[in-house]
Amino acid sequence: MASSAQSTLLDPLSFLKLTPDGDDVELSTGGAETRNINCSEENILAAPSDTDENFATEEKGATVRVASCIWGEGTSGREKVQNVLRLGARYGTPRFVDGDSSFIFKDLTDQPNRSRWMLLDLGAVVSLTRIGTAAYTDRWINTIRIETGTSVSSTEVSPAGHPILEGERAVWGDTRVSSALNNTLSFDRDYTDARFVLFIVSSAHFYGAGARMGPIFAYGKVRFWSPETHHTFPRSFKAFARAVQMLCRRDAERGGLVGQLQVGVWEHIFSYLARSDLPRDPSGLRRA
């Protein structure tokens, strides 16, 4: 399959299609309706700031699992699920095209109490501040709940069948959506650590219907810790960390960040606390 990392070389009208045997996909141009190839601008959620990036993309290693898909479990169905992470070749991530190529949950008229859920795995913990999805007037989203966590239970699911998030779990929103919405919906929070994003939705298209949704978005920054700005910074280490920041102040003159060291650096610093040979001279605490 063509890599979306080749975004600078892509024809903006290129797309993914099934191979002749139907077992895989290949990059192609021509022969598809233009409206299916790239997402419409109204269905692309804006970033909260120029410094926030969308982590819900294949390029950044994100993956997604869903409770069900109306298109089945074959190659076409799987690729339509993955389309929630793709905006189109114009944006560097070619979409799969095979008729109606958007993701739709399977209709569950016989199981109305089962959750229609989508679990986004970002592959690493990052700091998120805006999460959302595109929404549509047909098979519209009736209700949506978004949760995040740094881990997910490997042994339990909820009574409604959706995964249970663990770690630093947060509920971003739980609301009813207007059937007239045909663009995007989202929830904002202060920067919050998360690796997993859980979307739980329902559709009012008809009783037991599956909603149409995607692409999905998870905007934020690479995870940083800072005693002043990060709510998960270990409180017991704040005084120690401020002292370390003073020692690192010289880095600011060389373009470094004071008070926002990368996670690996803090872990290196904190590792000294468990050692019997903790250096008395603070100059012994060097950046990793």
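The values are calculated or read from the model by the stated rules, or taken from the named source; none is laboratory data. Because the structure is a prediction, the values reported are computed rather than measured. Here the Cβ positions follow ideal geometry from the backbone for every residue, glycine too, while neighbour counts run over all protein chains shown. Surface areas here come from the heavy atoms of the whole protein model, side chains and all, with no ligands, DNA or RNA. Shrake-Rupley method; radii C 1.70, N 1.55, O 1.52, S 1.80 Å.
Selection of strands (runs of 3 or more DSSP E) fully inside the stretch 1-110 by the criterion of at least 3 residues being hydrophobic (A, V, I, L, M, F, W, C) and in contact (Cβ under 8 Å) with a residue 24 or more places away in the chain returns 14-18. Assess whether Val97 counts as being in contact with a strand residue (DSSP E or B) (Cβ under 7 Å, 6 or more places away or on another chain), open to solvent by 60 Å² or more (accessible area, probe 1.4 Å) and closer than 27 Å to Glu73 by Cα. It is false that Val97 is in contact with a strand residue (DSSP E or B) (Cβ under 7 Å, 6 or more places away or on another chain), open to solvent by 60 Å² or more (accessible area, probe 1.4 Å) and closer than 27 Å to Glu73 by Cα. Consider the stretch 117-150 and keep the residues that are part of a strand (DSSP E or B) and over 17 Å from the mean Cα position of the chain (by Cα). The one that is nearest to Asp188 (Cα to Cα) is Thr143.
Restricting attention to the stretch 54-94 and to residues that are open to solvent by less than 20 Å² (accessible area, probe 1.4 Å) and of a type in the set (D, E, K, R), the residue that is nearest to Gly123 (Cα to Cα) turns out to be Arg86. For the stretch 151-198, the strands (runs of 3 or more DSSP E) that sit wholly inside it and include 2 or more residues that are open to solvent by 30 Å² or more (accessible area, probe 1.4 Å), of a type outside the set (Asp, Glu) and in contact (Cβ under 8 Å) with a residue 12 or more places away in the chain are 151-157, 170-176. Condition test on Thr148, is it under 20 Å from Phe55 (Cβ atoms), crowded, with 19+ Cβ neighbours inside 10 Å and in contact with a strand residue (DSSP E or B) (Cβ under 6 Å, 6 or more places away or on another chain)? In short, yes. Could you say whether any residue in the stretch 30-45 is open to solvent by 30 Å² or more (accessible area, probe 1.4 Å), among the charged types (D, E, K, R) and at pLDDT below 90? Yes, that holds for at least one residue. In the stretch 157-180, is there at least one residue being within 15 Å of the chain's Cα centre (by Cα) and polar (S, T, N, Q)? So far as the stretch 157-180 goes, no, none of its residues is within 15 Å of the chain's Cα centre (by Cα) and polar (S, T, N, Q).
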